[in-house]
Amino acid sequence: MANNELRIPLQTPTTGSSNFLKACFNGTNAFLGIGLMTVPYALSSGGWLSLILFFLIAIMTFYTGILLKQCMEVDPSIRSYLDIAERAFGKTGRIIVMIIMNSELYLVAIGLLILEGDNLHKLFPKFMIKLGELTVDGRQSFVLITALIIFPSMLLTDLSLLSYVSATGVFSCLIILVSVLCVGVFNGVGFHERGTLLNVKSLPTAVSLYIVCFAGHPVIPSIYTSMRNTYQFSKVLLFSFILTAFTYLAMAMVGYLMYGDNVESQITLSLPTSKVFSKIAIYTTLLIPITRYALMVTPVATAIEGGLSENYKNQRSVRLMIRIGLLISTVIVAYVFPYYESLMAIVGSIFVVSASFLLPCLCYLKISSDLRCWNCEQMGIVGIFVFGILAGVLGTYSSVYDLVT
């Protein structure tokens with residue numbers, strides 16, 4: 001997503017090649033991600049009744065996905081989320097969406113480093129790095145080691161191989177879910193915790209983490225344009241949301257019944273490391289940052305390159321320096337800010353709220369040609385927008401407050 005995209009006109013529409021099943025897989029892979037790690041903690045933060053908000057968020061984000069589809073149907077030349085923003089609000093809208101999307105990717109990349117460091121520390125709790133009088137403890141040392149492992153992937157210009165590996169995200173999430181379930185069934189943990197009915201104080205954090213579970217909206221236009229039969233898109237989106245929602249729901253309920261209010265911010269950190277199924281879940285989780293980090297950071301690097309002059313943007317040395325600089329900066333933030341659940345809550349309350357709630361509503365209302373009279377649909381869209389504003393403000397305040405206190 002480079003800045004030179006701002007000067008590219010909307011493209012001529014082309015016909016995609018994806019069939020129904022492939023589009024369903026791509027849609028599910030877009031939404032089913034690292035939110036799976038935190039959803040039991042989200043349920044413990046909000047209590048059982050917060051699941052009502054989980055389903056409400058799923059319904060609202062499904063509908064805003066439909067709104068993006070309707071925006072694309074207005075102008076067949078629209079091919080991406082950036083095109084939708086430009087069609088609605090011109091170049092300024094395109095720039096704003098580009099900043100939001102790249103900021104979210106950057107923070108998710110930081111979260112991947114924290115995720116890797118936490119789970120490696122879970123496996124090797126006594127590990128530390130000593131350099132003379134300098135001692136780096138377990139989590140921070142694993143963040144540094146993870147950066148060294150990821151570094152070669154940052155030098156690649158063709159990330160197609162990592163794309164194929166990352167596309168197995170659906171299967172990885174299912175493996176983690178089944179492994180956690182087996183820990184409860186076969187390894188003596190059981191499902192005996194009753195939990196809390198409602199925790200109003202931590203409800204904004206729970207909502208923010210639930211929202212992270214449905215953070216795939218920037219990919220929706222690409223899935224739409226990749227389809228051979230776009231009239232099936234609504235069914236594809238519905239299938240993807242149902243499968244995603246029930247996978248998250250299963251993980252939330254299983255993890256909460258196993259550990260109750262004592263569940264860790266990442267479900268894998270609560271598992272007993274001596275058990276085979278626990279190791280399967282943890283090692284599968286460890287693959288996610290390795291395969292996805294470069295894919296997260298590359299669009300950010302490309303956007304930075306697009307802002308350079310023509311003399312520098314095509315130089316390989318400059319491109320490498322930008323990518324290495326991004327890697328170093330994310331490592332520094334992950335090193336000094338190792339709070340995964342707070343970071344994900346901030347991502348949800350600011351960036352996912354913007355991309356999955358606010359912008360689809362605003363773009364649809366702006367692009368829609370029938371705004372002369374208000375109807376039930378438009379009132380519903382305004383309701384979603386207001387919910388997004390409240391969730392964003394309260395979630396951000398709650399996350400920052402938790403960090404400070």
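The values are calculated or read from the model by the stated rules, or taken from the named source; none is laboratory data. Nothing here was measured: the structure is a model prediction, and the numbers come from that model. Quick reminder, even Gly has a Cβ in these numbers, built from the backbone with ideal geometry, and neighbours come from all protein chains shown. Accessible surface areas use protein heavy atoms only, side chains included; no ligands, DNA or RNA. Shrake-Rupley method; radii C 1.70, N 1.55, O 1.52, S 1.80 Å.
Summed over the stretch 262-280, residues that are of a type in the set (Gly, Ala, Ser), surrounded by fewer than 22 Cβ atoms within 10 Å (Cβ to Cβ) and closer than 13 Å to GLY184 by Cβ total 1. Inspection of the stretch 270-284 finds a residue satisfying the criterion of being part of a helix (DSSP H, G or I), within 20 Å of GLN140 (Cα to Cα) and out of contact with any Phe, Trp or Tyr (no Cβ under 7 Å at 6 or more places or on another chain).
Among the residues of the stretch 121-149, those identified as assigned to a strand (DSSP E or B), surrounded by fewer than 14 Cβ atoms within 10 Å (Cβ to Cβ) and aliphatic (A, V, I, L, M) are LEU131, LEU134. For the stretch 190-230, filtering for residues that are assigned to a loop (DSSP other than H, G, I, E, B) and either crowded, with 23+ Cβ neighbours inside 10 Å or of a type in the set (A, V, I, L, M) (or both) leaves 7. Which of the residues that make up the stretch 281-337 are open to solvent by less than 60 Å² (accessible area, probe 1.4 Å) and of a type in the set (D, E, K, R)? Answer for the stretch 281-337, where residues must be open to solvent by less than 60 Å² (accessible area, probe 1.4 Å) and of a type in the set (D, E, K, R): ARG292, GLU305, LYS313, ARG323. Close Cβ contacts (under 9 Å, 6 or more residues apart or on different chains) running from residues in the stretch 329-340 that are closer than 21 Å to ALA294 by Cβ to residues that are among the polar types (S, T, N, Q) and open to solvent by 30 Å² or more (accessible area, probe 1.4 Å) comprise ALA334/GLN140; TYR335/GLN140. The residues on offer are GLY90, GLY184, GLY117, and the sole one that is more than 17 Å from PRO218 (Cα to Cα), among the small types (Gly, Ala, Ser) and buried (at least 22 other Cβ atoms within 10 Å of the Cβ) is GLY117.
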